[in-house]
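The structure appears below as structure tokens.
Read-outs: derived from the displayed coordinates by stated rules, not from any lab. This one's a predicted model, so the numbers in the text were calculated from it and none came from an experiment. All Cβ positions, glycine included, derive from the backbone under ideal geometry; neighbour counts span all protein chains shown.
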Amino acid sequence: MSERQLGRSGLRVSPLAFGGNVFGWSADAATTHALLDECVALGLNLVDTADVYSAWVDGNAGGESETLIGRWLQESGKRQRVVIATKVAKWPQRKGLSPANIQAACEDSLRRLRTDVIDLYQAHEDDPSVPLADTLGAFSRLIEQGKVRAIGASNYTAPRLAEALDVAERHNLPRFETLQPEYNLYDRAGYEAGLEPLARAHGLGVIGYYSLASGFLSGKYRSEADAAKSSARGAQVVRQYLNPRGKRILAALDDVACRHASTIAQVALAWLIARPGVTAPIVSATSVAQLRELAASRTLLLSKADIAALDGASAG
């Protein structure tokens with residue numbers, strides 16, 4: 001499948017992105033290198049991470065994912081084969097979107113990533129305490145310094161994203177070229193209600209996270225017993241998704257997967273890839289075999305009837 005452009009940035013990416021949240025957590029250094037090598041081999045060129053990954057793990061402080069990616073970039077010599085996206089604002093050590101913090105956080109990320117430029121630098125969350133013109137001005141300076149190619153927004157509400165786009169235009173500042181929202185076949189309303197029409201109207205690239213609803217849309221959790229066999233996260237996924245609507249979505253995914261001789265995870269991702277306005281859903285994997293399975297979703301072409309069935313099952 002051909003590459004897609006991230007907004008007006010000029011950056012071209014595969015229609016599926018890889019999430020580096022697993023690096024330094026459920027993927028150690030050797031596995032990280034193997035996964036990134038396989039991404040390049042499969043043509044998945046957008047690697048998304050953040051400075052805060054993976055601070056939530058006992059013994060970690062944050063910065064682990066970027067550090068492992070940087071080591072791979074240096075050792076593999078494949079920097080020109082990938083688009084590196086990272087984020088600022090959520091890590092307690094570099095919290096918020098003040099100009100000074102953005103500059104310092106970017107310098108830190110560049111050092112960990114062992115690269116001269118971040119292709120896509122994203123505000124990980126909104127910071128209402130800082131005027132948008134100040135935040136965008138800081139990003140503008142990084143672009144002028146050649147340290148960042150394009151900027152994006154993650155976890156912004158539609159009103160704040162609209163305001164940021166307006167401020168960029170009025171003050172002749174770089175605009176957010178991408179949006180990273182939570183979006184999948186189950187979690188639809190938050191994106192589709194306000195963000196989707198805004199992103200499409202302005203031609204923003206959309207790289208959604210939780211594309212498989214924390215594994216629920218892979219069919220991994222179909223009962224309380226499945227959760228019991230997994231970690232505490234499995235129990236949380238079951239509580240959140242295993243309800244009548246969730247079961248209806250799984251049934252529709254099963255039907256479509258059976259017709260295509262594919263897995264339901266591939267179908268769930270193919271639905272996202274086919275969604276107008278979506279550029280590259282983000283997926284994570286902890287093994288090369290799992291990555292290959294997910295990557296096959298790029299060539300799974302759903303029919304209008306398939307999409308209608310999935311839309312109907314997930315409505316409401």
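What the table below lists for this structure:
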| quantity | calculated |
| --- | --- |
| Relative contact order (%) - criterion: Cα under 8 Å, at least six apart; region: segment 213-280 | 28 percent |
| Nearest-ten-degree value, helix 99-113 long axis tilted from longest Cα axis of the chain | 60 degrees |
| Helix-derived mean residue ellipticity, 222 nm - over the chain, DSSP H n ≥ 4, -39500 (n - 2.57), to 500 | -13500 deg cm²/dmol |
| For segment 12-21, Karplus couplings with θ = phi - 60° (6.51, -1.76, 1.60), whole Hz, Gly/Pro x | 10, 10, 5, x, 8, 10, 9, x, x, 5 |
| Cross-link partners of LYS95 among lysines (Cα-Cα below 19 Å; sequence separation of 8 or more within a chain) | LYS87 |
| Taking segment 4-180 and dividing mean pair separation by its residue count, relative contact order in percent (alpha carbons under 8 Å, at least six apart) | 18 percent |
| Signed unit charges on C-beta, dipole axis of segment 175-229, positive-most listed residue ALA201, ALA189, LEU212 | LEU212 |
| Relative contact order computed over the chain (Cα-Cα under 8 Å; 6+ residues apart), in percent | 18 percent |
| ³J(HN,Hα) computed for each position of segment 247-255 - Karplus, 6.51 cos²θ - 1.76 cosθ + 1.60, integer Hz, glycine/proline x | 5, 5, 5, 4, 5, 5, 4, 4, 4 |
| Residue among VAL83, VAL47, VAL238 with the largest mean-square fluctuation in a Gaussian network model of the chain, springs linking Cα atoms under 10 Å | VAL238 |
| Simple spin-label estimate for ALA100 and LYS78 in nanometres, 7 Å along Cα-Cβ | 4.0 nm |
| Segment 4-180 - convex hull of alpha carbons, volume per residue in Å³ | 108 Å³ |
| Translational D in µm²/s for the chain (Stokes-Einstein at 25 °C, 0.890 mPa s, Kirkwood Rh from C-alpha pairs) | 123 µm²/s |
| Estimated vicinal HN-Hα couplings, Hz - segment 70-86 in sequence order (Karplus 6.51, -1.76, 1.60; Gly, Pro = x) | x, 5, 5, 4, 5, 6, 8, x, 9, 4, 6, 9, 10, 9, 9, 10, 9 |
| Listed residues ARG149, ARG12, ARG275, most fluctuating in the chain (Gaussian network, C-alpha, under 10 Å) | ARG275 |
| Spatially proximal lysines relative to LYS304 (Cα-Cα < 28 Å; intrachain offsets below 8 disregarded) | LYS220, LYS247 |
| Share antiparallel - DSSP beta bridges, the chain, percent rounded to 5 | 5 percent |
| Burial ordering of HIS33, HIS124, HIS260, fewest other beta-carbon atoms within 10 Å first | HIS260, HIS33, HIS124 |
| Set of lysines with alpha-carbon distance to LYS78 below 16 Å, sequence-local pairs under 8 removed | none |
| Centroid-to-centroid separation of segment 294-309 and segment 18-32 [C-alpha atoms, Å] | 28 Å |
| Zone of ARG114's modelled label, taken as backbone nitrogen in segment 41-77 under 11 Å from a point 7 Å along Cα→Cβ | 67-77 |
| Amide hydrogen neighbours beyond the local backbone of LEU179, cut-off 5 Å, H modeled | ALA153, GLY205, VAL206, ILE207 |
| Cβ-placed point charges (K, R +1; D, E -1), dipole of the chain about Cα centre in debye, nearest 20 | 400 debye |
